[in-house]
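Some notes on the structure that comes next.
The values are calculated or read from the model by the stated rules, or taken from the named source; none is laboratory data. If you're wondering where the values come from, they're calculated on a predicted model, not measured in any experiment. Virtual Cβ from ideal backbone geometry, glycine too; neighbours counted across all protein chains shown. Keep in mind that these areas ignore ligands, DNA and RNA; they rest on the heavy atoms of the full protein, side chains included. Shrake-Rupley method; radii C 1.70, N 1.55, O 1.52, S 1.80 Å.
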Amino acid sequence: PNGKLIASGGGDKVVRVWSTEAMSRIATLEGHRSRVVGVAWSPDGLLLASLSLFDKVRLWSSVTWEQQSVLDCATNIYNSGLAFSPNGRFLAAPSGK
């Protein structure tokens, strides 16, 4: 959200957070049981949401990089997206259910 961090996920079930200033990985977030198909930052930058295929949405603190919550929203869509509402109160995610 501030241009200083980038999040990525992929087939290894891991979310990685990168510093654009230092050009290095600063966090590795584990917990998904399948391919990570979407990531999104909250507008205030305090939360990172990640979605995995056939799994759940996980919310991570960008202060501690610890998992804060798990939401049941499994998807069977490979190119999925996540989006926070502008005020950060809502998170949109696809569901295969």
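Failed condition for Thr20, given (1) more than 19 Å from Gly81 (Cα to Cα); (2) in contact with a Phe, Trp or Tyr (Cβ under 9 Å, 6 or more places away or on another chain), with all others met?
(2)
Tell me the strands (runs of 3 or more DSSP E) entirely within region 9-80 that contain at least 2 residues that are open to solvent by 10 Å² or more (accessible area, probe 1.4 Å).
Result: 14-19, 24-30, 36-41, 57-61, 67-71.
Does Ser50 satisfy the criteria of being more than 12 Å from the chain's Cα centre (by Cα) and free of Cβ contacts under 8 Å to residues at least 60 places away in the same chain?
Working: more than 12 Å from the chain's Cα centre (by Cα): no; free of Cβ contacts under 8 Å to residues at least 60 places away in the same chain: yes.
When the stated conditions are applied, Ser50 does not pass them.
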